[in-house]
Amino acid sequence: MSGRTEGGAKEQQLSRLAQQGECGAVLDARSDPRILAGIVALAAIGVLIGGAFLGLLVEGMRDWSGALAAFDSYLFRIARFTVWQAALSTLLSIVPAMLLARALSRHPDFFGRAFILKLFALPLALPAIVAALGLLELYGRAGYFAGLLGWFSGGDWPGIYGLSGILVAHVFFNLPLATRLFLEALDTVSPDQWRLASQLGMRAGPSFRFIEWPVLRAALPGIAGLVFMLCITSFTLVLTLGGGPRATTLEVAIYQALRFDFDPARAVALTALQVALTAAAVFALSRLGANVTGEANLSVAAPRPPAAGPAETGVNALLLGAALLFVAGPLVATLLSGLQADLLRLAGEATVRKAAATSVVLALAASVLSVALAFALVAARRALAVARPGSLLERAMDTGAGFVLVVPPIVIGAGWFVLARHFADVFALAPVMVVTVNAVMAMPFAVRAIRPRYDAAAERHDRLCAALGISGWTRVRLVDAPVLKRAAATAGAFAMALSLGDLGVVALFGSDAVQTLPYLLFSRMGSYRTADAAGLALLLGLLCLALMMVADRLAREKPQ
């Protein structure tokens with residue numbers, strides 16, 4: 001009886017507060033299921049990252065002399081190369097990107113502009129292993145351009161393995177991204193400024209100096225920091241295109257220390273240095289205010305600068321044509337080489353079918369887990385923002401998703417690899433590690449897709465749900481799911497595409513028993529079965545591109 005009386009009093013209190021519009025007092029942090037779910041999600045992320053660091057710490061303490069001895073000249077040479085290739089890649093990506101963004105901005109109506117922008121979005125959706133194979137088809141020892149490049153170099157063309165291959169691959173991925181981000185910055189220039197420049201008769205030089213350069217200069221540190229972080233944490237491209245000990249980064253050295261040398265002490269030292277470098281890059285990036293998810297949504301319409309002269313138009317056309325060929329070349333090469341492979345035979349191989357099924361199942365599981373974690377953090381942050389604004393827990397929910405970017409996937413995998421080997425078969429844990437790490441790595445993107453829709457819906461529904469006593473799974477099923485189904489589908493498709501193309505964790509934990517398509521593709525490349533690798537690359541690339549197109553379409557469509 002007393003319980004019924006207490007429940008009735010609580011319902012009356014909720015109803016009175018809802019009528020007064022004081023939604024914040026309704027949400028008690030100790031009883032709201034959304035907050036509890038967020039705490040569980042945050043704890044799961046903490047266990048994944050903390051377990052990795054625990055494994056590294058335990059291994060370091062078990063063999064601390066070996067870990068300290070690993071800080072030798074070779075390790076620091078690898079660290080210098082890691083920073084050097086990232087700095088060079090950033091420079092080679094950023095400078096042309098500014099010129100390309102300006103060219104696109106100066107010609108907002110030319111035929112093919114929308115196509116170039118869509119083409120520049122494709123590298124973001126392409127798995128790194130597929131892009132690496134496409135680049136080798138063009139610039140490798142037996143590539144399409146091998147004869148021409150050999151003629152220019154005055155001898156046999158050795159291919160692009162080593163620093164040159166790493167730089168070309170990074171520019172292929174980061175040049176389109178930086179161009180889109182710089183163009184997004186230029187599109188913020190007020191039409192009134194362009195109108196005034198036109199009335200004053202400004203030519204290209206003064207327009208760039210007084211209007212465009214201040215905008216580009218303001219965006220430059222953040223975009224350069226983002227590209228640098230992407231290059232310093234690059235794994236698949238360096239693993240595929242690196243030229244041995246002379247062109248090895250810290251992440252690849254971690255992989256080699258565990259899979260080939262089985263030297264956990266050296267892996268711990270390499271990981272510690274990698275975490276330090278990544279943390280410094282992410283800290284600088286956050287201070288510069290960059291968009292760490294690398295998203296650049298561009299509209300077709302753009303501000304109208306003064307008409308460019310014939311000379312400027314010609315230069316811009318050459319720049320855009322060269323960029324178009326550079327970005328489209330590996331994509332076309334991948335398509336052509338893939339079509340020349342025996343796709344029917346590949347599709348009939350039991351190994352390929354098993355790898356494809358494994359990839360789809362693991363990617364689907366990672367996608368569902370990523371969306372669930374993102375939803376839990378977003379809902380908890382909203383509840384805490386209303387109930388306890390400014391609290392430490394609210395800030396943790398807000399920044400928890402972004403914190404995972406500090407720790408690269410290969411570092412998490414290395415930590416769990418050295419920890420799990422003491423109590424389990426590490427290769428038997430491959431499915432769990434691939435799903436959890438890929439889910440957590442895709443979670444920041446899922447948060448970006450879900451949070452705006454959820455916050456807007458919560459603003460409308462929180463008061464009514466509190467008044468009616470709707471919470472927990474009932475609220476998710478009746479209130480949140482209908483509103484968030486499109487955003488959740490967008491996040492899920494994006495997370496599934498990222499997981500399908502990932503080679504980082506499965507490179508450590510993969511084996512003959514657990515193979516994904518990227519792992520099988522890398523194995524076929526390593527055994528010089530290039531025709532099979534080309535066919536697998538085509539299948540994997542088309543699948544990931546289709547998922548990214550679905551995610552982009554769902555993100556751009558307005559809810560009904």
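The values are calculated or read from the model by the stated rules, or taken from the named source; none is laboratory data. Just so it is clear, the model here is predicted, and its values are computed rather than measured. Every residue, glycine as well, gets a Cβ built from its backbone with ideal geometry; the counts of neighbours run over all protein chains shown.
Right, Val275: at pLDDT below 80 and β-branched (Val, Ile, Thr) or not? No: the conditions fail for Val275. Close Cβ contacts (under 7 Å, 6 or more residues apart or on different chains) running from residues in the range 477-493 that are over 16 Å from Ala379 (Cα atoms) to residues that are of a type in the set (Ser, Thr, Tyr) comprise Gly492/Ser367. Looking at Ser511, Ser523, Ser499, just one residue is polar (S, T, N, Q), surrounded by fewer than 23 Cβ atoms within 10 Å (Cβ to Cβ) and either under 26 Å from Arg141 (Cα atoms) or at pLDDT 85 or above (or both), and that residue is Ser523.
Considering only residues in the range 127-143 that are more than 11 Å from Trp157 (Cβ to Cβ) and of a type outside the set (A, V, I, L, M, F, W, C), the one that is surrounded by the most Cβ atoms within 10 Å (Cβ to Cβ) turns out to be Gly134. Checking each residue in the range 404-420 for being closer than 18 Å to Glu59 by Cβ and part of a helix (DSSP H, G or I) picks out Ile410, Val411, Ile412, Gly413, Ala414, Gly415, Trp416, Phe417, Val418, Leu419, Ala420. Check the range 200-218 and report whether any residue there is under 15 Å from Leu237 (Cα atoms), buried (at least 18 other Cβ atoms within 10 Å of the Cβ) and not hydrophobic (A, V, I, L, M, F, W, C). No: the range 200-218 contains no residue that is under 15 Å from Leu237 (Cα atoms), buried (at least 18 other Cβ atoms within 10 Å of the Cβ) and not hydrophobic (A, V, I, L, M, F, W, C).
Name the single residue that is nearest to Phe262 (Cα to Cα) among those in the range 16-74 being at pLDDT 75 or above and of a type in the set (S, T, N, Q). Going through the qualifying residues, I end up with Ser65. Residues in the range 452-494 that are surrounded by fewer than 14 Cβ atoms within 10 Å (Cβ to Cβ) and among the hydrophobic types (A, V, I, L, M, F, W, C) were compared, and the one that is farthest from Leu126 (Cα to Cα) is Leu464.
Scanning the range 219-236 for residues that are surrounded by fewer than 20 Cβ atoms within 10 Å (Cβ to Cβ) and touching a His at 6+ places or on another chain (Cβ under 6 Å) yields a total of 0. If a residue must be crowded, with 20+ Cβ neighbours inside 10 Å and under 24 Å from Ser527 (Cα atoms), how many such residues does the range 248-288 contain? Qualifying residue count for the region: 9. Between Ala487, Ala495, Ala481, the distinction of being within 30 Å of Val418 (Cβ to Cβ) and assigned to a helix (DSSP H, G or I) belongs to Ala495 only. Across the range 314-344, the number of residues qualifying as more than 29 Å from the chain's Cα centre (by Cα) and modelled with pLDDT of 90 or more comes to 1. Quickly run through the range 312-324 and pick out the residues that are surrounded by fewer than 17 Cβ atoms within 10 Å (Cβ to Cβ) and either of a type in the set (S, T, N, Q) or within 16 Å of Gly143 (Cα to Cα) (or both). Within the range 312-324, just Thr313 meets the criteria. Taking the stated definitions as given, is Ala513 part of a helix (DSSP H, G or I), in contact with a helix residue (DSSP H, G or I) (Cβ under 8 Å, 6 or more places away or on another chain) and touching a residue at least 40 places away in the same chain (Cβ under 8 Å)? No; evaluated as a whole, the condition is false for this residue. In summary, Glu251 fulfils each of the numbered conditions (1) under 24 Å from Arg180 (Cβ atoms); (2) under 18 Å from the mean Cα position of the chain (by Cα) with the single exception of condition (1).
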